[in-house]
1. For segment 1-41 and segment 76-90, what is the separation of their Cα centres, given in Å?
2. Peptides 19-26, 80-87, 8-15: what's the order by average Cβ count within 10 Å, highest mean first?
3. Counting pairs on different chains as well as pairs 8 or more places apart, how many Lys pairs in the chain have Cα atoms under 13 Å apart?
4. Leaving out ligands and nucleic acids, and using a 1.4 Å probe, what accessible area per residue does the chain come to in Å²?
5. Relative to 2.2 N^0.38 Å, what does the C-alpha radius of gyration of the chain come to as a ratio? Two decimals please.
Amino acid sequence: MTMERTVNDIFKAEKIKWLEDARATARRLLKTQQYVTIEDVLKKKPLPKFLHHNTIGGVFRTLDFECVGWGRSTRLEMNGRFIRRWKLRD
């Protein structure tokens, strides 16, 4: 007996895949940068239009990363708000 995948299952799988790819992108960037921001990650790994924009907030919500400060956003839609800078946890 096989269980059919629902649309929600498909979106959840895509969200998880994007988050894993975004975290891998952050790790790669940190090989050549002192810290990384979500904007650095989004330049390399944009969020697909079919995923909710709140998904972005989960990228650094793991034990792998720690906040090392704040800086101003450069994206126009952020209106110069402060965003966190991250590095890999020691």
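The values are calculated or read from the model by the stated rules, or taken from the named source; none is laboratory data. What you are looking at is a predicted structure, and each value in this text was computed from that prediction instead of being measured. Note: ideal-geometry Cβ built from the backbone for every residue, glycine included; neighbour counts use all protein chains shown. Protein only, heavy atoms only, side chains kept; ligands, DNA and RNA dropped before computing areas. Shrake-Rupley method; radii C 1.70, N 1.55, O 1.52, S 1.80 Å.
1. The distance from the Cα centre of segment 1-41 to that of segment 76-90 comes to 18 Å.
2. Numbers: 19-26: 17.5, 80-87: 14.6, 8-15: 12.1.
Highest mean packing first, the order is 19-26, 80-87, 8-15.
3. Numbers: 15/45; 15/49; 17/45; 31/87.
Summing the qualifying lysine pairs gives 4.
4. Working: 6880 Å² over 90 residues.
Solvent-accessible surface per residue comes out at 76 Å².
5. On the way: Rg = 14.9 Å, N = 90, 2.2 N^0.38 = 12.2 Å.
Scaled against compact globular proteins, the figure is 1.23.
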